[in-house]
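The values are calculated or read from the model by the stated rules, or taken from the named source; none is laboratory data. From a predicted model like this one, the values you see are computed outputs, not experimental measurements. Neighbour counts are summed over all protein chains in view; Cβ atoms, including those assigned to glycine, are modelled from backbone coordinates with ideal geometry. The protein model used for the area step is the full one, side chains on, heavy atoms only, and it has no ligands, DNA or RNA in it. Shrake-Rupley method; radii C 1.70, N 1.55, O 1.52, S 1.80 Å.
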Amino acid sequence: RKNTTQRTPTTTTTTTRTSTTTTTTTQQKKKKVGTSSEEKGSSSWWSCEVSAQHPLVEEPWLTNGPAFLPEVRKATWSPGFPSLHALPIVDVRPRTLKLNCFGSPSRYATLTVELPESKGADLESFRDLLGGSVFVDWPLTREARLVSARDSRRELKADGTVAALDRDATAENEALRRDVLVGRGNPGDGGLDARKVEVVLRVAVVKGLRCDPVTGALTKVYEDDPCFFAGGGGNKTGHDVVVREVAAQLALAAPPKGYKADPRFEEREGLPVEERFVVGSRAVVAAGRFRGSLASVVGLASRETVRVEVKDDENPQLEPPFGLALAKSLAPAFASETSAAKGLGLARDAFDALATSVLVQDGDDTYDLGLRLRMTSSGTRNNNNTNNNSEDQQQENTRTTFVVLGYCRAGEDPGTWEYAADAVRALAAYRAKFPDVFAAVGSAVPPKKKGALFFKDASQIFGSDDAPAMLRAAVDWLAGLPTARSPRIP
């Protein structure tokens, strides 16, 4: 430009005009930065926002380029927390709360939301909301049904009556406030200062929908419904209703502005059978022999029964329930004690002794050469129908039998036992390894014996040639079987 200006004088005028134009444009941009939201019109919105948040930075887009433009598409469903400001927020600041992080107190500060203190909450003001919908778990606003309410001394029951509590619940209210502030160790808990809790609401949260099999109507199911009662979470009232307790200032009587109902919990009215199952329409059989088959509606048999037609060419051969067949094939096969003993060529009493206990004394020690698949322990218990200090208490003898799971079980008839194939294989391997034990037990066991079979010396089983060594070898071999390490259950 400098060389051009020297050759052509008119260029100087052009340059001056250009400079003037540039200056005017810059002034216009600066003027737009200070305009109101109504006057900014087509100007770049980030110039106003950035300058308002950072007043010491002038025209930051000239230095760093256009700012990040967050954009929410029109199809976005409930962006952010539309209910965040449904409750008045007093302050938001980091606080050292020792937040409960999976059971351990946190060493870092927690961003805490502080709500205004609730003053003069009236318990009876919630009477009109009983049985209706409230929204809890702010700011997530989950729909729930108000079951009852209470303060520190009174209770508003489900029928609308007010009764005195049998305790002072002030400490419970304070514990609820602390749980909201510090958390219970679950992700997302804590960080909310609800101040003083005066009224506590007992609510049942929506869990799903129930479909009427005849009309197809969808109705909401709450967590106090018996089909959803699993014993986990919540408290029990006197009516065996599973509910949870929330502070009244953390619940909303109406959905907040911008709230969009969850389509998973939208109820639907039912239809008559003739309108729901139109003749000629398609349906799927939900029960019976043809469960899961595609069918055609051919007529109505009654007000609650539909006549359908199932064609083989429209329904390929369904896959058999291989899971049940596999579980059945993997389950151990059991046989009666008589059949198991016959399979090994043993008398039933000898089989019973070898499967339970065969005691052998060696000096001051006593060893058990049985597989201990079944053990019986004896004990006593007090049988008193009066007070504990009564002298008329009687002691009753008790016998408890413990078995190795998967090897032995009680039979269908009282006093009978059944043994699995693995138990028979273990006894067969035992006989192949130590035939002297089986021979001695078969000749020594009396019919209808009571108690464990007992040998006074190892020589009665293994003879006089190194009987103690053979006894210890048999004991070590039995200790290596899986049954020796398996737990016994009653």
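The number of residues in the range 205-232 being at pLDDT below 85, open to solvent by 60 Å² or more (accessible area, probe 1.4 Å) and among the hydrophobic types (A, V, I, L, M, F, W, C) comes to 4. Taking the numbered list (1) modelled with pLDDT of 85 or more; (2) open to solvent by 80 Å² or more (accessible area, probe 1.4 Å) in turn, K257 passes all entries but (1). Do we find a residue being within 53 Å of the chain's Cα centre (by Cα), open to solvent by 30 Å² or more (accessible area, probe 1.4 Å) and among the β-branched types (V, I, T) anywhere in the range 404-413? Looking for residues that are within 53 Å of the chain's Cα centre (by Cα), open to solvent by 30 Å² or more (accessible area, probe 1.4 Å) and among the β-branched types (V, I, T), one finds none in the range 404-413, hence no. Of the residues contained in the range 300-313, one or more are found to be over 30 Å from A423 (Cβ atoms), at pLDDT 75 or above, small (G, A, S) and exposed (fewer than 14 other Cβ atoms within 10 Å of the Cβ).
The set of residues from the range 360-393 being under 17 Å from S443 (Cα atoms) and either in a loop (DSSP other than H, G, I, E, B) or at pLDDT below 90 (or both) comprises L369, G370.
To keep it simple, each residue is scored yes or no on (1) of a type in the set (D, E, K, R); (2) under 17 Å from V197 (Cα atoms); (3) touching a residue at least 24 places away in the same chain (Cβ under 8 Å).
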site: F102; (1), (2), (3): no, no, yes
site: E117; (1), (2), (3): yes, yes, yes
site: V136; (1), (2), (3): no, yes, yes
site: T141; (1), (2), (3): no, no, yes
site: A163; (1), (2), (3): no, no, no
site: A175; (1), (2), (3): no, yes, no
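Residue count for the range 104-115 satisfying the condition of being open to solvent by 60 Å² or more (accessible area, probe 1.4 Å) and closer than 11 Å to L192 by Cβ: 1. Among the residues of the range 129-151, those that are at pLDDT below 90 and either more than 30 Å from the chain's Cα centre (by Cα) or open to solvent by 60 Å² or more (accessible area, probe 1.4 Å) (or both) comprise L140, R142. Checking the stated criteria, R202 turns out not to satisfy the condition of being in a helix (DSSP H, G or I), under 26 Å from R127 (Cβ atoms) and modelled with pLDDT of 90 or more.
When you scan the range 85-95, do you find a residue that is touching a strand residue (DSSP E or B) at 6+ places or on another chain (Cβ under 8 Å), surrounded by 11 or more Cβ atoms within 10 Å (Cβ to Cβ), modelled with pLDDT of 90 or more and part of a loop (DSSP other than H, G, I, E, B), even just one? No, because not a single residue in the range 85-95 is touching a strand residue (DSSP E or B) at 6+ places or on another chain (Cβ under 8 Å), surrounded by 11 or more Cβ atoms within 10 Å (Cβ to Cβ), modelled with pLDDT of 90 or more and part of a loop (DSSP other than H, G, I, E, B). Of everything listed in (1) more than 19 Å from R184 (Cα to Cα); (2) at pLDDT below 90, the single unmet condition for N235 is (1). Scanning the range 449-490 for residues that are of a type in the set (S, T, Y), open to solvent by less than 70 Å² (accessible area, probe 1.4 Å) and free of Cβ contacts under 8 Å to residues at least 40 places away in the same chain returns a single hit, S459. Suppose the filter is small (G, A, S), outside any loop (DSSP other than H, G, I, E, B) and open to solvent by 20 Å² or more (accessible area, probe 1.4 Å); does A175 pass it? Spelling it out, A175 is indeed small (G, A, S), outside any loop (DSSP other than H, G, I, E, B) and open to solvent by 20 Å² or more (accessible area, probe 1.4 Å). As for the range 474-482, it holds no residue that is modelled with pLDDT of 90 or more, in a helix (DSSP H, G or I), over 22 Å from R374 (Cα atoms) and not aromatic (F, W, Y).
Checking the structure you have, find out if any residue of the range 128-149 is touching a Pro at 6+ places or on another chain (Cβ under 7 Å) and under 16 Å from A253 (Cβ atoms). Yes, the range 128-149 contains a residue that is touching a Pro at 6+ places or on another chain (Cβ under 7 Å) and under 16 Å from A253 (Cβ atoms). Counting only residues that are within 17 Å of P435 (Cα to Cα) and not in a helix (DSSP H, G or I), the range 332-349 holds 3 of them. On inspection, A286 fails the criterion of being part of a loop (DSSP other than H, G, I, E, B), closer than 27 Å to L123 by Cβ and of a type in the set (G, A, S).
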